[in-house]
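**Q** Handing you this structure, nothing more for now.
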Amino acid sequence: MTSALRKKTAVLISGSGTNLQSLIDAGREDAFPADIALVVSNKADAYGLTRAEEAGIATALIPHKEYKTRKAFDDALAATLDDQGIEFVCLAGFMRILTEGFVERWTGRMLNIHPSLLPAFRGHNAHEQVLASSVAFSGCTVHAVTAELDGGPIVGQAVVPRHADDDEETLAARVRNAEHQLYPLAVRTFLRGDGALPTPPDARFNLNPRVVYTASA
Ligand code: GRF
């Protein structure tokens, strides 16, 4: 159900959309502060589009290859969000780097989920980096999106163990499970607060992030 208190939300995806699914499921509760109203994909074969259709949520396909520049793509994305009256954006496996102009317009109104305990292991191959290191724990982070890649203020983190015999698949599955718990929780926390981002001394970090410890096998 939509209510004036719920933010009209777009989820941006490029792939399977399991995090999208966790947000859709959470959004079925009237008390969830985000009304998932639109799913945007830059890829036609993203399974998340099917998830959205099955849930009766509007979809938009904006194939990045049809745009000559990042800015042209982001302009099309911005126009779609504006047309639909979107107030809040969740990036969930959206494999595009957004331009500074786009990010600035959405600052404080856009979250991302990253599969590592930021600020460690930024970038697209987080699990590979974790496995190449000696850390005993990994996890995931929901953060506000700023122009710095994977560098925005942290809203929440979930921690999982890294096992000695982990490969990318087993680690990713454990982290993904934690992501599905964390993202809805972080959206709740963020939208129920005043939306203010952490301030210096170190504006990259929320010094009081909400941490969820999980210990799934
Ligand atoms: C997740 O691991 C997320 O942290 C990363 O991309 C993956 C998306 O997975 N940004 P899914 O499409 O939600 O299943």
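**Q** Quick check: anything in the range 90-100 polar (S, T, N, Q), surrounded by fewer than 23 Cβ atoms within 10 Å (Cβ to Cβ) and modelled with pLDDT of 95 or more?
**A** Scanning the range 90-100, I find at least one residue that is polar (S, T, N, Q), surrounded by fewer than 23 Cβ atoms within 10 Å (Cβ to Cβ) and modelled with pLDDT of 95 or more, so the answer is yes.
**Q** Now for a different question. Return the only residue of G139, G123, G195, G152 being within 22 Å of L91 (Cα to Cα), of a type in the set (G, A, S), at pLDDT 90 or above and surrounded by fewer than 16 Cβ atoms within 10 Å (Cβ to Cβ).
**A** G123
**Q** Return the only residue of L38, L5, L49 being touching a residue at least 40 places away in the same chain (Cβ under 8 Å) and of a type in the set (A, V, I, L, M, F, W, C).
**A** Exactly one of L38, L5, L49 is touching a residue at least 40 places away in the same chain (Cβ under 8 Å) and of a type in the set (A, V, I, L, M, F, W, C), namely L38.
**Q** Scan the range 78-102 for residues that are touching a residue at least 40 places away in the same chain (Cβ under 8 Å) and part of a helix (DSSP H, G or I) and jot them down.
**A** T80, L81, E100
**Q** How many of the residues making up the range 105-132 are among the charged types (D, E, K, R), within 19 Å of V40 (Cα to Cα) and in a helix (DSSP H, G or I)?
**A** Matching residues across the range 105-132 total 1.
**Q** Here is a follow-up. Quick check on A158: is it outside any strand (DSSP E or B), over 13 Å from the mean Cα position of the chain (by Cα) and of a type in the set (G, A, S)?
**A** It is false that A158 is outside any strand (DSSP E or B), over 13 Å from the mean Cα position of the chain (by Cα) and of a type in the set (G, A, S).
**Q** Write out, first by first residue and then by second, each pair whose Cβ atoms fall under 9 Å of each other, whose residues are 6+ apart or on separate chains, and whose first residue, in the range 140-155, is over 15 Å from R188 (Cα atoms) and in contact (Cβ under 8 Å) with a residue 40 or more places away in the chain while the second is of a type in the set (F, W, Y) and surrounded by 24 or more Cβ atoms within 10 Å (Cβ to Cβ).
**A** C140/Y183
**Q** Checking the condition of a type in the set (F, W, Y) and within 23 Å of R188 (Cα to Cα), which residue from F73, F137, F94, F121 passes?
**A** Residue meeting the stated conditions: F94.
**Q** Here is a follow-up. Can M110 be described as more than 11 Å from the ligand (Cβ to nearest atom) and either crowded, with 17+ Cβ neighbours inside 10 Å or of a type outside the set (F, W, Y) (or both)?
**A** Criteria met by M110.
**Q** Of all residues in the range 133-155, which are of a type outside the set (A, V, I, L, M) and not in a loop (DSSP other than H, G, I, E, B)?
**A** Within the range 133-155, F137, S138, G139, C140, T141, H143 qualify.
The values are calculated or read from the model by the stated rules, or taken from the named source; none is laboratory data. Remember, predicted model here, so these are calculated numbers, not experimental data. Glycine gets a Cβ as well: all are built from the backbone with ideal geometry, and neighbour counts include every protein chain shown.
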